[in-house]
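Scroll down for the structure; my scribbles are underneath it.
Derivation of every value follows stated rules applied to the coordinates shown; laboratory data play no part. Everything numeric in this text was worked out from a predicted model, so none of it was measured. Note that we place each Cβ from the backbone using ideal geometry, even for glycine, and neighbour counts take in every protein chain shown.
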């Protein structure tokens with residue numbers, strides 16, 4: 001089911017966790033559920049995942065190796081995503 005979530009079916013996150021899988025699960029490419037939901041813009045699933053797992057230690061990073069976007073002097077977020085899109 002995690003492959004279907006990775007393909008954009010983020011609505012399945014609720015069922016996936018209901019089956020007993022941890023909220024910190026990752027797909028075959030290493031993307032976490034919360035990263036997948038953020039990528040597809042599923043705010044409801046993100047809120048649900050945040051209630052099920054402690055992500056406080058991750059607020060400073062998008063993934064374990066990619067720094068979060070920084071703010072430039074103009075106050076807008078710079079584009080430093082792991083996909084390279086701007």
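Is segment 1-50 best put as rounded, prolate or oblate by its Cα gyration tensor, with a ≥ b ≥ c the root eigenvalues, rounded for a/c under 1.5, and otherwise prolate when a/b is larger than b/c, oblate when not?
Details: a/c = 1.30, a/b = 1.01, b/c = 1.28.
Rounded.
Label separation (residue 26 vs residue 1): 2.1 nm, computed from points 7 Å beyond Cα along the C-beta direction. Stretching residue 19 away from residue 51 to a fully extended chain increases their span by 9.9 nm, per 0.36 nm per residue minus the current alpha-carbon distance.
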